[in-house]
Every structure is written in structure tokens, then in C-alpha cells.
Amino acid sequence: MNQPLYAVYGASGCGRGIMPFARAQLAREGLSADRIVFVDDGAGTAAINGHRVLRYADFLKEPASLRRIVIAIADSKIREGLFNRCIADGVHAWSVFAANIVVMDDVILGEGAALSPFVTITSNIQIGKGFHANLYSCVEHDCVIGDFVTFAPGVRCNGNIRIEDHAYIGAGAIIKQGRPGKPLIIGRGAVVGMGAIVTRDVPPGSTVVGNPARLHFLKD
Ligand code: UDP
């Protein structure tokens, strides 16, 4: 009888960082490592780090009782597009968690998340689909995070913060806490530069950098 087939979509930096803890998660569930593959449409190689690499069309053709996939691509728009295509094709979203993450009380996490080693999510937090929290990131109490949000390594997201869909928070950024009923807001599609110290709302679509973080306008 066919067994389930699991996949990490994207075999570049993001995917190769996610595969080891995705594989470990399967091992904890008693499944062998040969039931997990990379899916990549441009990799041009048959295997990476001991896993087969399939194009998406070939992944759909593989014999399987069920297909589950995590989209391991940092670009949130690409992630959303591939996520929606997979769901439309009957492939199930798969959330993958490193073994040592800490998740406290009343955390609602959308489908297709990837939580890397040493991530901490405290209590009373709502997070949308396709969330990526890279190494050592944390989310403090009472935050609301939208769909396809990306945290690079070491993000410090304090309490009472609202982060809208497709925002990208750079490595080591610190976001000041909001207040109950008056969250600090990172707008839809905003980019917070690495190491930024965010002390006030960030408008949708904007980029902020520095300490304190200020709007950044690209020259040329
Ligand atoms: N990719 C894909 N199908 C797509 C878009 C991207 O298979 O429709 C793959 C692409 O071939 C590459 C990976 O996703 O291997 C994205 O890698 P990149 O280095 O751009 O990003 P990261 O790994 O940092 O997210």
C-alpha cells in the first residue's frame, strides 16, 4: 500500500535549513527519511543532502496515499502562490517544528508554518498561514501576525504587536511592545531591516532601518 509522501518545497538556503528538522519531525512520528523529498523546479540535480529532488509536476505523479508539503521559500509572495497552487492540487499544507521550540498557552498557528530551532512563542498569540520563524526568533504575548509573514533569525517581537500579511522582519530586529488595545502595527508587506529597533508603527509597504528605525528610501 502507498505511504504518505512529505516534501520541502525549495531546495535552496531556506529549504536546506528547514529539511533537517522536518525530517526529525517525521522520525518522531515513526516515518523513515525516504518518505521526504525536496520539491524544486529549478534545482537541476537529483539529490541534495541525501534527499531526492523532484520537480513539482513529478511530485504530483509519485505514488502516495497522501501528499504534505511545507513551502520553504523566504519570498512571501512566491510562498503564497505555491501554497495556493498546492492546496488547489489536493496537496496538504504541512507545518514543521524543530524539536526544541517553546510554544506556551493559547497559540493559534495557521497551516504551513516552519518554526526553526530555538524559536519561542509565548501566550495568547494568533498567527496566520505560511509563517516562517527562523532560528532564535521569538513572539511575545498578545501578538497578532498575518499570513505569509517572515522572521529572519533572532527577531525579537515583543508583546501586543500586530504584524500584517507579507511583512518581512530582518535578522536581529527588535520591535517595541504595544499596549493592550493599542498594538504597535507593522503594515502589510513592510520590511524591517536587520538590526532595526522599531519603536513605532511601520506603514504598509515601507522599509525601515536603524535605531530608532526610520523610513528608508532607496537612492537610484
Ligand atoms: N523555486 C521553485 N519554484 C518556484 C519558485 C522557486 O522550485 O516557482 C525554487 C528555486 O528553484 C530555488 C528556491 O525555490 O531553488 C528559492 O531559492 P532562493 O535562494 O531564491 O530563496 P530562499 O531559499 O532563500 O528562500
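Nothing in this text is a laboratory measurement; each read-out follows from the coordinates by a stated rule. This is a predicted model, so every value here is computed, not measured. Here the Cβ is made from the backbone with ideal geometry for all residues, glycine too, and neighbour counts use every protein chain on show.
Numbers for the structure displayed
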quantity	calculated
Euclidean distance between Cα centres, segment 130-147 to segment 4-62, Å	24
Relative contact order %, the chain, counting alpha carbon pairs below 8 Å whose residues are six or more apart	11
Kirkwood Rh in Å, taken over all unlike Cα pairs in the chain	17.8
Highest to lowest packing among 189-202, 28-41, scored as the average C-beta count within 10 Å	189-202, 28-41
Which of Leu60, Leu5 has the fewest Cβ neighbours within 10 Å, and the rest in rising order	Leu60, Leu5
CD proxy at 222 nm, helix term only [per DSSP H run n ≥ 4: -39500 (n - 2.57); per residue of the chain; nearest 500]	-5000 deg cm²/dmol
Projected label distance in nm at Arg35 and Val103, using a 7 Å step from Cα toward the beta-carbon	2.0
Cα-based reach from Lys61 at 13 Å (exclusive), listing aspartates and glutamates while leaving out same-chain residues under 8 positions away	Asp89
Most to least packed among 43-53, 133-143, 76-86 [average Cβ atoms within 10 Å]	133-143, 76-86, 43-53
Whole-number percent relative contact order across segment 1-89, with pairs defined as alpha carbons under 8 Å at least 6 apart	38
